[in-house]
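*Asks:* One structure coming up, written as structure tokens, with questions to follow.
The values are calculated or read from the model by the stated rules, or taken from the named source; none is laboratory data. This structure is a prediction, so every number in the text was calculated from the model and none was measured. No Cβ is skipped: glycine too gets one built from the backbone with ideal geometry, and neighbour counts run over all protein chains shown.
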Amino acid sequence: MADVRRIDLLDPAEVARLGGIEIVAQGVVEGFLAGIHRSPFRGFSVEFTEHRAYQPGDEPRYLDWKILARSDRLFVKQFEEETNLRAMLLVDASRSMAWRGAPTRLTKRAYADRLAAALALILLRQRDATGLITFDEAVRQVIPARVKTGQWMRLIRGLLDTPDGRGTAAQTALLHLTALLARRGLVVLVSDLLFDRTLALTALRYLRHRGHNVIVFHLMDPAEAELSGPPEVRFRDPESPASVVVRPRELARAYAETVRREVSAWRTACRRHGIAYHHVLTDLPFGMALRLLA
Amino acid sequence: MTFLHPLALIGLAAAAIPALLHLLERRVPPEAEFPPIRYLSEAERQNARRLKLRHLLLLILRTALIALIVMAAARPLVRSRAAGGGGVHEPTALVLILDNSPSSGAVVDGRPLLARLKSVARASIARAGSGDRVWLMLADGVARAGSREALLATVDSVEPGWRRLDLTTAVARATRLVDAEPLPGREVEVVSDLQRTAFGEGRADIPRGVRVLALAPPGQVVANRGVAQARVTDGAVAITLAGTPGGGPAPVTVRLRATASPVGRSRDVGRALASTGSSASVPLPSMAPGWWIGEAVLDPDELRADDRRAFVWRVSPPARVRADPSAGPFVTAALAVLTQGKRVAEGTDVSLGERLQGDAGKTVLLPPADPALVGQANRALAARGVRWRFGASATPGPVATARLAGINGIPVARRYRLEGGDTTTVIATVNGDPWLVRDGDVVLLGSRLDTVWTALPASPAFVPFVDALVNHLARGEAPIGEEEGPAGVLFQVHGADTVGATVSGPDGRESDLTPARADVVRRAIGAEVQDEAQFAAERFAGTRRADVSGLLLALALLVAAVELGVATRAR
């Protein structure tokens, strides 16, 4: 049974009120690792290098029982990487990500930042080189993948320093990413995917072709999944001059069906190309979102 | 189709509200950011045709809903063929003839006939709507207008009356009345026992478009007999019975009561057997001078109103007569006989001769024996203000009179034609010429009372004739009238004297309770005779309409449900 006091399982908006991104991410990761008892991203290392203090979430099989017997302290054995995992987090900072359907929820961007920070922390803890690219219609921040101390805070600063953009040009950012990733690794895209699916898939397929493992977090506010609102409303696209007048009540069913089709289309296309796809609503606890990767 | 409340149709303009709202409502909707607008556009593009159809359907449904509700409020009426008295009808002018003539008091199957008639009349009035114009006509022939409640109260208070109702006349008047009303429906309902005697010889002229309904009489013909007439003539009362044909003779009792006697005290003075349609005579005893009231009474039967009838007569004191010698020996001899019988006395009340006695009292004037004195007699008559005069000698012939039955047919050999007076004062004629007349205080004879002039002095009727001449004709008789009303006598007084009387009772035709045949009714008043069920079904049937507002409301409800379903289905 889930421990409802665990921070990773609380409502994301409530968790966000606890502090800054780093505090939230650390809390989430602690709770998350305590919950699953094993790291979702097992290292590729096979040769022992050093001991470190046991942390909740570490697999018991890596405990050094001899040290425990001698000193009654918990240490786990760490192994040297044979091949370093290079993880690059791609965070969509477009205008549409700054939207939320209700004041009590996080914007998609805020949710993405915290989810990316938590992911980065998990990766860095297992000494995977982790980098960050933020983008809207252009690439805004590029933090190369590193594993050195302070990398996580650099990543946090990179997220904080990226303002909300205007349009979205994911394919540009993804193409730029291909140039930055000389070695194959892990690419995690956190976006609302409100751009041309064909173009975006072309870029992602290219990455996949280059040997990268690609994970896509498709963020969506619950209000984007179920249409609601006043009897008649003019909906305006925050990223373009486009607008449309609709009666949410009479279009709700058709809209929900369209969204379902779109998500299904993304999932099918990603699966076809070996891309992990996860549809995440912004009211989903961070721990649950991370668990999707386990 | 017609409407009970056509003004409500103005509300149909409201049916345009949905369309107007659709066309005119161009309010600026609130704006909101919505990133996945591409999904929205896609959903709208794929559903545009369905949404347009839905909007059109909703517009039609809402317009139809308002139109249906407005039309239901206007209470639409469509022609109905449904049997029974239900439904509504167009405004109708109705005259309800409720026959409360004396015959309606008959008891049929233990129930007063009028109660049945009132029940049917109540039902007719109760079915009348606010747009109808209703009159109630009773046996008195007066058409009473009023509200439904007032007419119902009038019907409730109706009792058997004393007036005979001529249905032919009543229906003719009623049809004229409703025909003058500018209403879609015009109807006359005859609620009566439909006595055959209630229809005259003529026929009512029924205007086009006026329906006449007649309630069928009870199937059972009620046996009844009643006293149609009772008159005192020559010391006897002649009683005529009327009623439903058939049945044997019935006993009639004659009772007498002096006017001075306390009310209710009477005594039987005779009894006779009489059949329906025949007369019987019951001798009256010699009575002291004065007014006398009698009553002819039958045994009670189903119609009590005609079981007794009053009669009245006056017994006068002997006239005091002075006969002039010129009157002749026959007159003198007759007066001697009458004096001996105390029918006359010596006096100057009445003088009898060939000369007028100045301005004194009553005179029976005979033509002078000498033709040369005729002119003098005529001048004397003129001087007395008598318009009659002796004319030329005229042809012989028999006497004809209705008032002095005994002298009818007695030959007259010589006579003067009586001229110049009012024919209403003629008492007897010969060959159509006035022979015995009365003008004021003067009774004028065209022949002398002598066997040379007429055979009357030699006949047995002479003494009674002289008796009538001096006691009745010369002195004059108090008028006794007859009229419809409850059995009784009404006296006319002048000062301290009783100068006449009126005997009232039901019309003798009311006693015959035989209903008229259907063809007679149809011919006389143009109505089909219908039993109570048919009558109720045909009442207002000419303009009966079914109110379909309920159906429209149900349809509106259905449309509202469909509208709700369509409006919420896509939500």
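*Asks:* In segment B:479-497, what count of residues is obtained for those that are part of a strand (DSSP E or B) and closer than 28 Å to B:Ile407 by Cα?
*Replies:* 3
*Asks:* Where residues in segment A:213-244 are among the hydrophobic types (A, V, I, L, M, F, W, C) and free of Cβ contacts under 8 Å to residues at least 40 places away in the same chain, which of them is nearest to the other protein chains (Cβ to nearest Cβ)?
*Replies:* So the residue we want is A:Phe235.
*Asks:* How many residues does segment B:46-55 contain that are facing chain A (nearest Cβ under 10 Å) and either touching a strand residue (DSSP E or B) at 6+ places or on another chain (Cβ under 9 Å) or modelled with pLDDT of 85 or more (or both)?
*Replies:* Qualifying residue count, segment B:46-55: 0.
*Asks:* Mind listing whichever residues of segment A:252-278 are surrounded by fewer than 18 Cβ atoms within 10 Å (Cβ to Cβ) and either at the interface with chain B (Cβ under 8 Å from one of its Cβ atoms) or within 19 Å of B:Lys52 (Cα to Cα) (or both)?
*Replies:* A:Arg253, A:Glu257
*Asks:* Out of A:Asp192, A:Asp196, which single residue is among the charged types (D, E, K, R), within 13 Å of chain B (Cβ to nearest Cβ) and within 19 Å of the chain's Cα centre (by Cα)?
*Replies:* A:Asp192 is the lone residue from the list that is among the charged types (D, E, K, R), within 13 Å of chain B (Cβ to nearest Cβ) and within 19 Å of the chain's Cα centre (by Cα).
*Asks:* Further question: Restricting to segment B:271-302, name every residue that is surrounded by 15 or more Cβ atoms within 10 Å (Cβ to Cβ), in contact with a Lys or Arg (Cβ under 9 Å, 6 or more places away or on another chain) and not β-branched (Val, Ile, Thr).
*Replies:* Within segment B:271-302, B:Ala274, B:Ser275, B:Trp291, B:Trp292, B:Gly294, B:Glu295, B:Ala296, B:Leu298, B:Asp301 meet the criteria.
*Asks:* Determine which member of the set B:Leu151, B:Leu114, B:Leu183 is hydrophobic (A, V, I, L, M, F, W, C), in a helix (DSSP H, G or I) and out of contact with any Leu (no Cβ under 8 Å at 6 or more places or on another chain).
*Replies:* Result of the check over B:Leu151, B:Leu114, B:Leu183: B:Leu114.
*Asks:* Sticking with this one: Spot the failing condition for A:Arg249; the list is (1) at pLDDT below 90; (2) within 14 Å of chain B (Cβ to nearest Cβ); (3) within 26 Å of A:Ala16 (Cβ to Cβ), and only one is missed.
*Replies:* Unmet for A:Arg249, out of (1) at pLDDT below 90; (2) within 14 Å of chain B (Cβ to nearest Cβ); (3) within 26 Å of A:Ala16 (Cβ to Cβ): (3).
*Asks:* Tell me the residue from B:Asp439, B:Asp433, B:Asp422 that is modelled with pLDDT of 90 or more and within 20 Å of B:Leu469 (Cα to Cα), please.
*Replies:* B:Asp433
*Asks:* Another one. Could you tell me how many of the residues in segment B:513-536 are assigned to a helix (DSSP H, G or I) and crowded, with 17+ Cβ neighbours inside 10 Å?
*Replies:* Number of matching residues: 5.
Residue by residue, here is whether (1) among the aliphatic types (A, V, I, L, M); (2) modelled with pLDDT under 90; (3) in a helix (DSSP H, G or I) holds:
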{"position": "A:Lys77", "(1), (2), (3)": "no, yes, no"}
{"position": "A:Asn84", "(1), (2), (3)": "no, yes, no"}
{"position": "A:Val91", "(1), (2), (3)": "yes, no, no"}
{"position": "A:Met97", "(1), (2), (3)": "yes, no, yes"}
{"position": "A:Arg109", "(1), (2), (3)": "no, no, yes"}
{"position": "A:Ala116", "(1), (2), (3)": "yes, no, yes"}
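*Asks:* Follow-up question, since we're still on this one. When the residues of segment A:279-290 are narrowed to those that are buried (at least 17 other Cβ atoms within 10 Å of the Cβ) and modelled with pLDDT under 90, which ends up farthest from A:Asp192 (Cα to Cα)?
*Replies:* A:Gly287
*Asks:* Looking at this structure, is B:Leu94 modelled with pLDDT of 80 or more, touching a helix residue (DSSP H, G or I) at 6+ places or on another chain (Cβ under 9 Å) and assigned to a strand (DSSP E or B)?
*Replies:* Spelling it out, B:Leu94 is indeed modelled with pLDDT of 80 or more, touching a helix residue (DSSP H, G or I) at 6+ places or on another chain (Cβ under 9 Å) and assigned to a strand (DSSP E or B).
*Asks:* What number of residues in segment A:176-199 are among the hydrophobic types (A, V, I, L, M, F, W, C), within 19 Å of A:Ala242 (Cβ to Cβ) and modelled with pLDDT under 85?
*Replies:* 2
*Asks:* Being surrounded by 14 or more Cβ atoms within 10 Å (Cβ to Cβ) and either more than 30 Å from B:Arg176 (Cα to Cα) or modelled with pLDDT of 90 or more (or both) is true for just one of B:Arg225, B:Arg265. Which residue is that?
*Replies:* On inspection, the qualifying residue turns out to be B:Arg225.
*Asks:* Oh, and also: Answer yes or no: is there a residue in segment B:132-142 that is part of a helix (DSSP H, G or I), in contact (Cβ under 8 Å) with a residue 40 or more places away in the chain, on the phi < 0 side of the Ramachandran plot and not hydrophobic (A, V, I, L, M, F, W, C).
*Replies:* There is no residue in segment B:132-142 that is part of a helix (DSSP H, G or I), in contact (Cβ under 8 Å) with a residue 40 or more places away in the chain, on the phi < 0 side of the Ramachandran plot and not hydrophobic (A, V, I, L, M, F, W, C).
*Asks:* Please go through segment B:429-464 and pick out each residue that is surrounded by fewer than 22 Cβ atoms within 10 Å (Cβ to Cβ), within 20 Å of B:Gly397 (Cα to Cα) and hydrophobic (A, V, I, L, M, F, W, C).
*Replies:* B:Val452, B:Ala455, B:Ala458, B:Ala461, listed by residue number.
*Asks:* Same structure, new question: Looking at segment B:462-478, I want the residues that are part of a helix (DSSP H, G or I) and have a partner that is not hydrophobic (A, V, I, L, M, F, W, C) with Cβ atoms under 7 Å, at least 6 apart or on another chain. Which pairs are those?
*Replies:* B:Pro464/B:Gly406; B:Phe465/B:Gly406; B:Asp467/B:Arg343; B:Asn471/B:Ser316; B:Asn471/B:Arg343; B:Leu473/B:Arg438; B:Ala474/B:Lys362
*Asks:* Next up: Sort out which residues of segment B:3-41 are in a loop (DSSP other than H, G, I, E, B), facing chain A (nearest Cβ under 8 Å) and touching a helix residue (DSSP H, G or I) at 6+ places or on another chain (Cβ under 8 Å), and write them in order of number.
*Replies:* Within segment B:3-41, B:Phe34, B:Pro35, B:Pro36 qualify.
*Asks:* Can you name every residue in segment A:226-237 that is at pLDDT below 85 and surrounded by 16 or more Cβ atoms within 10 Å (Cβ to Cβ)?
*Replies:* A:Gly229, A:Glu232
*Asks:* So B:Gly110 passes all but one of these: (1) under 19 Å from B:Leu551 (Cα atoms); (2) without any contact (Cβ under 8 Å) to a residue 40 or more places away in the chain; (3) small (Gly, Ala, Ser). Which condition number does it fail?
*Replies:* (1)
*Asks:* (1) in a helix (DSSP H, G or I); (2) surrounded by 15 or more Cβ atoms within 10 Å (Cβ to Cβ); (3) out of contact with any Ser or Thr (no Cβ under 6 Å at 6 or more places or on another chain): which one isn't true of B:Gly500, the others all being true?
*Replies:* Here B:Gly500 clears every test but (1).
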